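Below: one structure, written as structure tokens.
The values are calculated or read from the model by the stated rules, or taken from the named source; none is laboratory data. Every value quoted in this text rests on a predicted model; they were computed, and no experiment measured them. Note: ideal-geometry Cβ built from the backbone for every residue, glycine included; neighbour counts use all protein chains shown. Areas reflect the complete protein model, heavy atoms only, side chains present, ligands, DNA and RNA absent. Shrake-Rupley method; radii C 1.70, N 1.55, O 1.52, S 1.80 Å.
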Amino acid sequence: MRHHHLLLRCRAMPLLPSPPRTLRVSGGLVHHRLIRCHGMPIPPRTPGVSGGRLFASLPLPPPLQSPREVHVWYLCPDELNNQSQLNMYEELLSPSEREYADSMKATMLRKDVVLSRALLRTTLSRYTGCKIDPRSFEFKKNKFGKPEVLWPLDDSTAEQPLHFNISHTTSLIACGIAINAHIGIDVEEKKRNTTKNILSLARRYFTPSEVDSLAEISDSDAQRKEFLKLWTLKEAYVKALGMGFSGAPFSTFSIMLETSKGIRISKTSNASRPGCDHLSENWLFTLAELNSSHYMSVCIEDSSRSQAGPEDSPAPVGLKVWKTVPFVEDTLVSGTEAVKLIA
């Protein structure tokens with residue numbers, strides 16, 4: 001069943017905290033739709049008011065029920081070309097974010113920066129019940145550069161256990177959200193080509209066991225795809241650690257895809273060198289095809305694994321995915337052809 005939630009706001013129409021909605025039924029996906037009239041400005045920030053009334057109209061997601069659940073929101077930059085709409089998204093950015101966007105010489109890169117920050121800010125706002133204005137979020141970075149929300153200490157509306165991570169290609173931007181669990185997400189285009197031989201790249205970045213596994217694949221296209229799957233899983237893991245590639249080189253751990261207990265990770269002998277004591281195996285993974293064009297890997301921390309025995313099989317990650325055009329339309333695509341779970 002397809003549900004269309006349509007909300008129309010005109011300039012002369014008063015903004016209401018809980019705007020009326022109309023429902024249309026037509027077939028397999030769930031759509032929440034908000035239409036803003038052309039030229040309608042974003043409401044100004046109001047001191048003492050967290051969340052403008054426009055932002056209260058962002059459809060709220062279902063609550064994250066446990067640390068094993070992940071919500072992913074993604075958008076496709078190529079589908080967003082209305083300049084008024086892009087200007088609206090730019091208004092959500094902080095001065096430093098706008099300055100960074102303006103430093104991009106290529107128009108496409110500037111657009112990607114604006115959309116990625118707008119996606120992050122609107123997604124975070126949803127998980128505070130839209131009580132926090134998307135423009136009000138402030139961020140800090142750890143020593144490896146991973147951003148985190150700088151929650152106001154005196155703000156009772158802040159969901160402080162909330163964790164996020166964002167990943168983007170030129171054709172897709174994704175934001176992952178989890179509670180009480182560190183999260184990493186990575187997306188890569190399935191058709192991405194490399195200038196170097198796949199095995200040469202694998203020998204440079206991967207572990208010997210991973211190289212041997214790739215070498216056993218005779219078909220070049222299948223080998224390339226397997227390489228990309230491993231790359232996204234490794235990238236998601238080091239991002240969840242909060243260290244990135246520089247802080248956790250890919251050669252210090254192996255990813256095992258084909259196991260009866262799901263995707264597993266193990267440290268290599270390289271992990272014993274100084275600076276690699278942060279690596280652990282208490283993580284859960286999900287690998288999926290997204291939008292029929294990308295591989296997406298999600299990694300979340302699983303503290304319960306530290307108490308589990310080696311034979312215990314971890315519960316799978318609960319994954320929900322939405323395609324979004326912030327303030328315009330949200331589509332729940334989990335369980336459709338847009339999201340195909342691989343592992």
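In whole angstrom, note down how far apart the Cα centers of region 116-149 and region 322-337 are.
Result: 20 Å between the Cα centres.
Mind listing the phi-derived Karplus ³J(HN,Hα) values for region 64-81, rounded to whole Hz, using 6.51, -1.76 and 1.60 with θ = phi - 60°, and x for any glycine or proline?
Karplus-based 3J(HN,Hα) across region 64-81 equals 6, 8, 7, x, 8, 9, 10, 10, 10, 10, 9, 9, 10, x, 5, 8, 10, 10 Hz.
With each label point set 7 Å from Cα along the Cα-Cβ vector, what nm distance links S280 and V328?
Going by the 7 Å Cα→Cβ label model, 4.2 nm.
Quote the FRET efficiency, to the nearest 0.05, computed for S96 versus L153 with a Förster distance R0 of 22 Å and r equal to the Cβ-Cβ distance.
Computed FRET efficiency for S96 and L153: 0.55.
Along the charge dipole of region 65-194, pointing to its positive end and built from +1/-1 on Cβ of Lys, Arg, Asp and Glu, which listed residue (N165, L93, N81) has its Cα farthest out?
Selected residue: N165.
Which far-off residues, 5 or more places away or on another chain, put their amide H under 5 Å from the one on H294, with H placed in the peptide plane?
K190
Return the long-range amide H neighbours of L319 (sequence gap of 5 or more, or a different chain), with a cut-off of under 5 Å between placed amide H atoms.
V70
For region 89-176, which whole percent of the accessible surface, found with a 1.4 angstrom probe, sits on carbon and sulfur atoms?
That fraction is 52 percent.
Could you list the GluC sites (Glu not before Pro) in region 166-269 that lie in coil according to DSSP, counting only those with at most 15 other Cβ atoms within 10 Å of their Cβ?
Within region 166-269, the qualifying GluC sites (Glu not before Pro) (loop, at most 15 other Cβ atoms within 10 Å) are E216, E258.
Taking square-rooted eigenvalues a ≥ b ≥ c of the alpha carbon gyration tensor, is region 192-232 rounded, prolate or oblate, where a/c under 1.5 means rounded and, failing that, a/b exceeding b/c means prolate?
It comes out rounded by the Cα gyration axes.
For region 55-109, with every protein chain kept in place, what is the accessible area per residue (1.4 Å probe, Å²)?
Per residue, region 55-109 has 52 Å² of solvent-accessible surface.
For T194 and M256, compute 0.36 nm times the residue count separating them, minus their Cα-Cα distance, and round to one decimal in nm.
Stretched fully, the T194-M256 segment lengthens by 20.1 nm.
When a/c is below 1.5 the answer is rounded, else prolate if a/b is larger than b/c, else oblate, so apply that to region 116-199 with a ≥ b ≥ c taken from the square roots of the Cα gyration tensor eigenvalues.
Prolate is the answer for region 116-199, as a/c is 1.5 or above and a/b outweighs b/c.
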